[in-house]
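What follows is a single structure, written as structure tokens, with notes after it.
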Amino acid sequence: MEPLHGERVEDDESLAERTVRGAIRAYRLHSFDAVDASVVAEVAGIPLETVERLFPAWEALLLVTYDRWTQLRGTRRKTPPACTIDHVRLTLAEDVADPGLVRVLAGVITVASSESGFAELFRKRFDEYVEQLSNGLQRDFDNGAEESAIPSYQAATQLLAVYEGLQIQMLVRPHIDVMVEFDRSVRTLRQGWKQHELPSWDLDADVPERETPQRQRPAEHQQTAREPEREPQSRP
């Protein structure tokens, strides 16, 4: 029985891999809302019952598909990026060539912002990506590839906002050249990173009162303001 159990585990792992790859292909062919377990089963060439047995929860399959797809991204790059911004730019270019993953990311945002049991797992993926960008930017700051007067985690948050914002723009405004807009946005980011942040005003803080200096009267009026001198009385 033990060899049969081992064969079953290996067979399930192979089927799970086929299912995940089938899900990736399904999201490349269809919109996010049109993909379900039956579509994945059809694309992967696996019975629907097998897909539902391997992934009883649809969010579990979505999470594994998301992880696997992001791992595959960037594996065909011939030259490594020169800095973190170049890495994000190459990733955006890959998104343009393969928009299916962007549709998955847009759908994952809805899950991550919900109260479902998988929401925390999806939110963790976003936090990990911000940390990855933050570490990369810190290396760029240390070796002089980038200049910044703000912490790397703030710069990473701003860079991610540009990247994810253009991902959404790519889906809803397909006529926009997101690569050109990315380069423009990055130039603005780099200029802003070099500027020291000014302290913000606390409008609720107590403002110390300044003493109002007393105005001196003109010289010609000082004499009139004095008490008139008495004339000496003549002696009898």
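The values are calculated or read from the model by the stated rules, or taken from the named source; none is laboratory data. Just so you know, these numbers come straight off a predicted model, no measurement behind them. Virtual Cβ from ideal backbone geometry, glycine too; neighbours counted across all protein chains shown. Protein only, heavy atoms only, side chains kept; ligands, DNA and RNA dropped before computing areas. Shrake-Rupley method; radii C 1.70, N 1.55, O 1.52, S 1.80 Å.
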Handout entry: Selected residue (only one of Arg68, Arg89, Arg76 is under 29 Å from Ser134 (Cβ atoms) and out of contact with any helix residue (DSSP H, G or I) (no Cβ under 8 Å at 6 or more places or on another chain))
Key = Arg76
Handout entry: Search result, residues across region 122-151 that are hydrophobic (A, V, I, L, M, F, W, C) and touching a residue at least 40 places away in the same chain (Cβ under 8 Å)
Key = Phe122, Leu133, Leu137, Ala145, Ala149, Ile150
Exercise for the section: Return the only residue of Ile150, Ile176 being assigned to a loop (DSSP other than H, G, I, E, B) and more than 17 Å from the chain's Cα centre (by Cα). Expected result: Ile176
Problem - Selection within region 13-72 - hydroxyl-bearing (Ser, Thr, Tyr), under 24 Å from Lys124 (Cβ atoms) and open to solvent by less than 30 Å² (accessible area, probe 1.4 Å) - result: Thr19, Tyr27, Thr65, Tyr66
Practice task
Among the numbered conditions (1) at pLDDT 95 or above; (2) hydroxyl-bearing (Ser, Thr, Tyr); (3) touching a helix residue (DSSP H, G or I) at 6+ places or on another chain (Cβ under 6 Å); (4) open to solvent by less than 100 Å² (accessible area, probe 1.4 Å), tell me where Tyr153 comes up short.
Solution key: (4)
Exercise for the section: Output the number of the condition that Ala16 fails; it satisfies all remaining conditions of (1) in contact with an Asp or Glu (Cβ under 9 Å, 6 or more places away or on another chain); (2) among the aliphatic types (A, V, I, L, M); (3) modelled with pLDDT of 90 or more. Expected result: (1)
Handout entry: Among (1) in contact with a Lys or Arg (Cβ under 7 Å, 6 or more places away or on another chain); (2) closer than 11 Å to Val88 by Cβ, the one test that Glu164 misses
Key = (1)
Completion exercise
Subset of region 111-147, residues under 19 Å from the mean Cα position of the chain (by Cα), of a type in the set (D, E, K, R) and surrounded by fewer than 18 Cβ atoms within 10 Å (Cβ to Cβ), comes to Glu120, Arg123, Lys124, Arg125, Asp127, Glu128, Glu131, Arg139
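One line per residue, one yes/no per condition, for (1) closer than 30 Å to Glu147 by Cβ; (2) in contact with a Ser or Thr (Cβ under 9 Å, 6 or more places away or on another chain); (3) at pLDDT 95 or above; (4) of a type outside the set (Gly, Ala, Ser):
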| position | (1), (2), (3), (4) |
| --- | --- |
| Val20 | no, yes, yes, yes |
| Val51 | no, yes, yes, yes |
| Trp58 | no, no, no, yes |
| Leu63 | no, no, no, yes |
| Thr70 | yes, no, no, yes |
| Val88 | yes, no, yes, yes |
Completion exercise
Note: among Val104, Val96, Val88, Val108, just one is within 16 Å of Leu166 (Cβ to Cβ) and open to solvent by less than 30 Å² (accessible area, probe 1.4 Å), namely Val88
